[in-house]
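Structure record follows, encoded as structure tokens.
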Amino acid sequence: MPFIGTQQKCKACEKTVYPVELLSADGVPYHKSFFKCSHCKGTLKLGTYSSIKGVLYCKPRFEQLFKETGNFNKNFQSRKSFSLAG
């Protein structure tokens, strides 16, 4: 009997995610190596990320972007640069 495998595709690269490399956040499959902040590209862990509208952020970047925009309705991705320095 042939191995059927998984049908789950990584949201970041759209390639098949096998169980050994699967990381699922908010029900969305990712390869562990693609589970990164959309701004700083830092590797995320399930306890250290935030997301809005399917876009992943590390907690420090998410908090900084929220402080800069004042709400969650703005598109954080449109920001070209920002500083974490206070």
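Data for the structure
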{"read-out": "Packing rank of 54-61, 15-22, 26-33, where each peptide gets the mean count of other beta carbons within 10 Å, highest leading", "value": "54-61, 26-33, 15-22"}
{"read-out": "Net charge of Cβ neighbours under 13 Å - reference PHE34; Lys, Arg +1; Asp, Glu -1", "value": "+4"}
{"read-out": "Spacing of the two label points (7 Å from each Cα toward its C-beta) at THR48 and TYR18, in nm", "value": "2.7 nm"}
{"read-out": "Environment charge of CYS58, counting only residues whose C-beta is closer than 10 Å and scoring Lys/Arg +1, Asp/Glu -1", "value": "+4"}
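Every number in this text was worked out from the coordinates using simple rules, so none of it is lab data. The structure presented is a predicted model; accordingly, all values stated were derived computationally and were not measured. Ideal geometry is used to build each Cβ from the backbone, glycine not excepted, and the neighbour counts take in all protein chains shown.
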